[in-house]
Amino acid sequence: AEGKRHVQAVLALARRRVNVLWALIRDRRCYRITPPVTEPA
């Protein structure tokens, strides 16, 4: 969406994943999938 070439876009996405993994390792936490909370209409 930022007008990057394919390789640049893949690297940007990989960097985001690495940042998440590094934060988990740094904080010694486990990855947990939490479903989004939605309010009843």
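In the stretch 21-41, which residue that is among the aliphatic types (A, V, I, L, M) and exposed (fewer than 10 other Cβ atoms within 10 Å of the Cβ) is nearest to the chain's Cα centre (by Cα)? Break it down stepwise before answering.
Applying the first criterion (among the aliphatic types (A, V, I, L, M)) to the stretch 21-41 yields 21, 23-25, 33, 37, 41.
Of the ones still in play, those that are also exposed (fewer than 10 other Cβ atoms within 10 Å of the Cβ) are 25, 33, 37, 41.
Details: ILE25: 14, ILE33: 12, VAL37: 18, ALA41: 29 Å.
Out of the qualifying residues, it is ILE33.
Can you tell me which residues in the stretch 20-38 are at pLDDT 90 or above, β-branched (Val, Ile, Thr) and not in a helix (DSSP H, G or I)?
Within the stretch 20-38, none qualify.
The values are calculated or read from the model by the stated rules, or taken from the named source; none is laboratory data. Every value quoted in this text rests on a predicted model; they were computed, and no experiment measured them. FYI the Cβ positions are ideal-geometry reconstructions off the backbone, even for glycines, and counts take in every protein chain you see.
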